[in-house]
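Encoded as structure tokens, the structure appears first; notes follow it.
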Amino acid sequence: MEHTHPSPDLDQVKPAGSRRSGKREFIVNVFLRHEGHLSADDLVELIRREDSRISRATVYRALQWMEEAGIARKVDFGEGRFRFEHSYRHPRHFHLICKGCGRSSEFLSSDIEALIEEVAAARSFSAHQSVVQIYGTCEVCRTGRPETAEAVRAEILFARDALRIAIATERSGLEFYSRAAAAARNPRGRAVFERLAEEEREHLAKLEARYQRLLAQDPQLESRPTFLFFKGAANGLFAAGAEQVARGVNDRQALMLAVRCERTSHRFFKRYGEQFEDTEGRRIFLEFADEERQHLEVLIRACRTLTSRRRRGARARGGAAARSRAQA
Ligand SMILES: [Zn+2]
Ligand SMILES: [Zn+2]
């Protein structure tokens, strides 16, 4: 399925010292015009259709160069030959592969990543690369209905889904802080929660505006299949905390809960974002991780103030008790 999109700035991804020939540039452009997973022979055929003078060896060399330059990534679907997909601004992902027609589609899952981390950590194993391939029969082969969704750039789907997960987290954060502010007895505690609720509201508005800008690039974007699955974080990382606040906690417990939620959220977005190469989705995750870290700092300061006030209060009460004992 063909699909055009702006070519990356190849001067940036070009390995140092290499000379780019006109032929190679042409081959790179043809490769980048095609979304999906091409075998070397598929690419030779596409190139030959446009310029029959380019040799198979030249195409193979160009592919190897693209791999080294980070433009192409090799994938093995167990067919006895490699396929190549875009690597530049294309997040690492998992595959669904149809045994009927050979078509493949892509997805990401924060839950699978978390599971891989958990398993690796439990065995003290340092994981470098994880491959998840699901083989079966695609909808087209199963039902005979023609394919509806055309191939779209993974980068825009990744950005859409990264924004969805950030928005879900922001919403649950807003819910958490609104509830905590309403339940707070101490005016200082209430002021901290109100301030954070206000920040969540502002961030939410910004994220929603960004989401709308993304939708403006592709009117069908909302209805395209999910690329990034995030079941574990779908209700927002503050949802459990918000429930606990609703069941009744004191100001100090609410603060501790907030610290825990912000820390979980910061870690989730930072660790998940960092595993991707430069993409809009990565930037969304890392920017969000930064905001969560700032909230965490506000909360930790509030916790310290509360603790030192308590100590001063306890000392004052202790002093008064000693004086009254002395008077007795
Ligand atoms: Zn199929
Ligand atoms: Zn792929």
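The values are calculated or read from the model by the stated rules, or taken from the named source; none is laboratory data. This structure is a prediction, so every number in the text was calculated from the model and none was measured. Positions of Cβ are backbone-derived with ideal geometry, glycine not excepted, and every protein chain shown enters the neighbour counts. For accessibility, only protein heavy atoms count, side chains too; no ligands or nucleic acids. Shrake-Rupley method; radii C 1.70, N 1.55, O 1.52, S 1.80 Å.
Suppose accessible area is computed on protein heavy atoms with a 1.4 Å probe; arrange LEU215, LEU228, LEU96 from highest to lowest. Don't jump to the answer; show the numbers that get you there.
Values: LEU215 30, LEU228 0, LEU96 75 Å².
Sorted descending by solvent-accessible area, the residues read LEU96, LEU215, LEU228.
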Nearest 10, in degrees from 0 to 90: the angle of helix 251-274 to the longest Cα principal axis of the chain is 20
Which lysines have a Cα lying under 24 Å from the Cα of LYS23, excluding residues fewer than 8 positions away in the same chain? LYS14, LYS74
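Measure off, as a whole percent, the carbon and sulfur share of the 1.4 Å-probe accessible area of the chain, all protein chains present.
Numbers: 9090 of 18510 Å².
Ligands and nucleic acids excluded, carbon and sulfur give 49 percent.
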With everything on Cα atoms, drop me the angle between helix 154-183 and the longest principal axis of the chain, reported from 0 to 90° to the nearest 10. 10
What is the set of long-range amide H partners of GLU277 at a cut-off below 5 Å, with H atoms built 1.01 Å from backbone N? ARG92
Per-residue SASA entry for ARG33, accessible area with 1.4 Å probe, Å² rounded to 10: 70
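Divide, for the stretch 137-238, the radius of gyration over alpha carbons by 2.2 N^0.38 Å, where N is the residue count.
Values: Rg = 18.8 Å, N = 102, 2.2 N^0.38 = 12.8 Å.
Dividing the Cα Rg of the stretch 137-238 by 2.2 N^0.38 Å gives 1.47.
Multiply the residue separation of ARG33 and ARG271 by 0.36 nm, subtract the distance between their alpha-carbon atoms, and state the gained length in nm to one decimal. Mind dumping the intermediate values first?
Details: separation 238, 0.36 × 238 = 85.68 nm, distance 3.14 nm.
Difference between extended and current length: 82.5 nm.
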Between the modelled labels at CYS141 and GLU79 (7 Å from Cα along Cα→Cβ) the distance in nm is 1.1
Just tell me the longest site-free run in the chain, where the sites are GluC sites (Glu not before Pro) in a DSSP loop having at most 11 other beta-carbon atoms within 10 Å. 151-328
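How high is the relative contact order of the chain, given as a whole-number percent (alpha carbon pairs under 8 Å, six or more residues apart)? Walk me through the numbers on the way to the answer.
Details: 376 pairs, mean separation 52.4, N = 328.
Result for the chain is 16 percent.
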Expressed in angstrom and ordered largest first, the alpha-carbon extents of the stretch 49-182 along the principal axes are 74, 44, 28
For helix 110-122, what angle does its Cα long axis make with the longest principal axis of the chain, in degrees from 0 to 90 and rounded to 10? 80
Using bins 20 angstrom wide from zero, how does P(r) for the chain break down, in % of all Cα pairs? 25, 45, 21, 7, 2, 0
Counting only DSSP beta bridges with both partners in the chain, the antiparallel fraction in percent, to the nearest 5, comes to 65
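Please get the size of the charge dipole for the chain, origin at its Cα centre, with Cβ charges of +1 on Lys and Arg and -1 on Asp and Glu, quoted in debye to the nearest 20. Provide the component values of the computation, followed by the final result.
Working: 57 positive and 47 negative charges, 442 e Å.
Its charge dipole is roughly 2120 debye.
For the chain, what is the accessible area per residue in Å², given a 1.4 Å probe and the full set of protein chains? Don't jump to the answer; show the numbers that get you there.
Details: 18510 Å² over 328 residues.
Using a 1.4 Å probe on heavy atoms only, each residue of the chain averages 56 Å².
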